[in-house]
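Asks: Structure incoming, see below.
The values are calculated or read from the model by the stated rules, or taken from the named source; none is laboratory data. On a predicted model such as this, the values are computed, not experimentally measured, just so you know. Note that each Cβ is placed from the backbone with ideal geometry, even for glycine, and that neighbours are counted across all protein chains shown.
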Amino acid sequence: MTSRFLPLLTLAVMAFAADEDALRDRIYTRSGPPIAAYEVISEGAEDITFKVTAQSAPSKRKSREVVRIAYAGLAEGQFKAGFDHLMAGRHDEAAAAFSRAADGSQEWQRVYGPFLAGDALERAGKFTEAAAAFGIVGSGPTFEAHRLRLDALYRQGFALALAKKPEADKIVATLTELSKGRIGIPADARAHAIRCAIAVAKDPAAKLEELSRKANLRIDETDAWYHFNRWLAMTFRTQGKVREAVRTVDGMLSALDKDPALAQASQVVDLRLLKGSLLADTDPQAAIIDLVKIDLLPAGTVDQLCEARFLAGKLLLAEAKALESQPDTAKDEKKTAFVAEQRATAKHLLTAAAASSSSKPAKDEAAKLLATIP
């Protein structure tokens, strides 16, 4: 499951690596250029406190105006190691690196470390361990006033629900209580999102259409919005509700297209791959379009690119074989040429997938399919 954290922070690492002013943190707001800060001192629920230079007095910006913060330190040490492991699909190793990074002396290290470790553990299917990592920020006593407290609490409860732990109900109760105070609707929406996961844990065929409407997370709450809606699409898929899954993914892509300040290339890659895999059986031509687009995007992990190329190559090859089997194809030069072009494109994509450093089954499947092409 993918949250906003991985794409944002991965892109931050990539950006800093190419940025001549790489020693500065970046504060991205909903309007105007990023703020280059010498140091972000604290991410409060109300205000972000930072220094523009080493000598300047601290400045503040309202947290509600901030889209994300990219720390220069994310490109170094254990954080960099964690991202390298994530990009290669090594989730356990990534979680271990992020956990080590949480031993840093700065506030952001002690918050982002466990949050990212929790995200990696959830990806690895280790939901109980993920909940414990999220809980360091979400329900521990240290970070009650932090900007990410609410999302960490939500992710803690969601991971507990995925682990089928009764403690998830306690997180729901906490969020419901918070919704009665200053936090209001955002806490209530997260509580309903966790209820959806609890319902599926009890009954995999639970009807989520109505339940999910109450989890009305806004796109500007991007961490929770992306995490929940992607889980929703995957759950619809598991239930055999492909139409609902595609509709959910299309809604996410549309929302990201409309808000460039929030859209991240890694998220778009993830959603295009998911949509392509959803459409592979029902609308292969549409699936190919989404999958091929991934090669044109400036982001994507080794695993994502391998899977996209394998699936696109597989679908193209199937189309070529189907057209070739038609009685009139051999007599039609245009059709014959089209078949050859489809086959060549499929071979190119499958070759790239088979040569990938990914450890996903798609790599071996691509090699097997490649061997069948004359």
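Asks: Of the residues that sit in segment 266-289 and are within 22 Å of VAL67 (Cβ to Cβ) and either among the polar types (S, T, N, Q) or in the same structural domain as MET234 (by TED's automatic domain parsing) (or both), which one is modelled with the lowest pLDDT?
Replies: SER266
Asks: Let me ask something additional. Yes or no: LYS293 surrounded by fewer than 19 Cβ atoms within 10 Å (Cβ to Cβ), under 30 Å from SER254 (Cβ atoms), in contact with a helix residue (DSSP H, G or I) (Cβ under 7 Å, 6 or more places away or on another chain) and of a type in the set (D, E, K, R)?
Replies: Against the criterion (surrounded by fewer than 19 Cβ atoms within 10 Å (Cβ to Cβ), under 30 Å from SER254 (Cβ atoms), in contact with a helix residue (DSSP H, G or I) (Cβ under 7 Å, 6 or more places away or on another chain) and of a type in the set (D, E, K, R)), LYS293 qualifies.
Asks: Just one of (1) modelled with pLDDT under 90; (2) assigned to a helix (DSSP H, G or I); (3) over 20 Å from ARG64 (Cα atoms) trips up THR142, so point out which.
Replies: With respect to (1) modelled with pLDDT under 90; (2) assigned to a helix (DSSP H, G or I); (3) over 20 Å from ARG64 (Cα atoms), THR142 is out only on (2).
Asks: Taking segment 340-358 as the search range and keeping residues that are in a helix (DSSP H, G or I) and within 28 Å of the chain's Cα centre (by Cα), which one is nearest to ASP303 (Cα to Cα)?
Replies: ALA353
Asks: Within segment 322-339, can one find any residue that is touching a Gly at 6+ places or on another chain (Cβ under 8 Å), at pLDDT below 90 and assigned to a helix (DSSP H, G or I)?
Replies: Looking through segment 322-339, none of the residues is touching a Gly at 6+ places or on another chain (Cβ under 8 Å), at pLDDT below 90 and assigned to a helix (DSSP H, G or I).
Asks: Show the residue pairs that are 6+ apart or on different chains and have beta-carbon atoms under 9 Å apart, the first residue being within segment 65-79 and in contact (Cβ under 8 Å) with a residue 60 or more places away in the chain and crowded, with 19+ Cβ neighbours inside 10 Å, the second being among the basic types (Lys, Arg) and assigned to a strand (DSSP E or B).
Replies: ARG68/ARG26; ALA70/ARG26
Asks: While we're on this one: Filter the helices (runs of 4 or more DSSP H) completely within segment 1-108 down to those with at least 1 residues that are modelled with pLDDT of 85 or more and either within 23 Å of ALA159 (Cβ to Cβ) or in the same structural domain as TYR154 (by TED's automatic domain parsing) (or both).
Replies: Once the helices (runs of 4 or more DSSP H) in segment 1-108 are filtered for at least 1 residues that are modelled with pLDDT of 85 or more and either within 23 Å of ALA159 (Cβ to Cβ) or in the same structural domain as TYR154 (by TED's automatic domain parsing) (or both), what remains is 77-87, 91-101.
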